[in-house]
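Any read-out appearing in this document is the output of simple, stated calculations on the displayed coordinates, not a laboratory observation. Because the structure is a prediction, the values reported are computed rather than measured. Note: ideal-geometry Cβ built from the backbone for every residue, glycine included; neighbour counts use all protein chains shown.
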Amino acid sequence: MKLLFSLLGASGIAVLIFLCSTWYLRPFLVRQIVLRRLNHQSLMARLVDKLSKRRVSPRSQSELIHHLSTLSDLLDATARNLRLGKSMASSIQAATETSTVKDSVINDLVATTTRGESIADATKRLISTAKTNELIFAIRTIDLAATGGVGGVLALERAAIVLRERSTIINDRQMQASQALLSTKVLSWAPVAVAVWLIATSSSVRSFLILSTSGWLCILLGIGLNFAGRRWMQTIVTPIHA
């Protein structure tokens, strides 16, 4: 029996080590390999290092959908104002007055362009302070549209469509994954509830799990596999931020 528990424990620990190395160690090693290969190109190496250290603020999927919706509405409103003959600075200012976007970067862009700073200079300065990839995409589109002409209006409208399609895809993915997430929660909490009930009602189970080394090995192995399963399912259903 002890040999069986030892084999099961060693197998479980090996699986946990493999999963943890896949999640945490592999991205670090890939980043180091990329930086080594780009070492002879100093400019590219600095760029890759800067992008790899950038942190996107953690958000839930509902917050991401709302963020995409407000940015797409802002770009659509800016394009409509441009079609009416307004300048880019006036169009963004009017769009922010009618939209629900509350991002500080957009507010700073409106404030600086209202004071007379050019769109190109303002976007170049503010894009480094943007905290989300979606906001960076919107600012770059505004910078592109500021060059003038019908192409700028079309760029804003197309960017709004892209953001809205991304919001729709994330929403559909969340709806389709809701059943899987619910099943994962039930399957992960049910063993914990059963274990607590057995420990509280059975003296033999309580003696084995709490007063023996094999029992603690079973508890730690069960908690580790439970956590690994929940993390695996969350990784599968969570959208990748490109």
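Which semi-axis lengths, in whole Å and largest first, follow from the square roots of five times the eigenvalues of the Cα gyration tensor of segment 84-242?
Working: eigenvalues 612, 56, 31 Å².
Each semi-axis is the square root of five times an eigenvalue, giving 55, 17, 12 Å.
Net charge around ALA180, counting only other residues with Cβ within less than 13 Å of its Cβ (Lys, Arg = +1; Asp, Glu = -1)? Each step should come with its number before you reach the end.
Working: positive: ARG173, LYS185, ARG230; negative: none.
Combined, the nearby Lys, Arg, Asp and Glu give +3.
With bins 10 Å wide beginning at 0, the percent of Cα pairs of segment 184-227 falling in each bin runs 28, 54, 18, 0. A simple spin-label model places pseudo-atoms 7 Å from Cα toward Cβ; at LYS124 and THR98 they are separated by 3.1 nm. Other residues with beta-carbon under 14 Å from the beta-carbon of THR123 carry, at +1 per Lys or Arg and -1 per Asp or Glu, a net charge of -2. Here the Karplus curve 6.51 cos²θ - 1.76 cosθ + 1.60, taken at θ = phi - 60°, turns the phi angles of segment 83-97 into couplings of 5, 7, x, 7, 6, 5, 5, 5, 5, 5, 4, 5, 5, 5, 6 Hz, with x standing for Gly and Pro.
In this simple spin-label model, placing a label point 7 Å from the Cα along the Cα-to-Cβ direction at both LYS131 and MET175 gives a separation of 3.0 nm. Given R0 = 51 Å, the distance between the Cβ atoms of ARG83 and VAL186 translates into a calculated FRET efficiency of 0.45. Residue separation of SER90 and SER11 scaled by 0.36 nm, minus their Cα-Cα distance, works out to 22.0 nm of gained length. Computed on segment 59-171, the Cα convex hull volume stands at 85 Å³ per residue.
For segment 59-171, what is the relative contact order in percent, using Cα pairs closer than 8 Å and at least 6 residues apart in sequence? Don't skip to the end; give the middle numbers.
Details: 113 pairs, mean separation 41.8, N = 113.
Reported as a whole number, the value is 37 percent.
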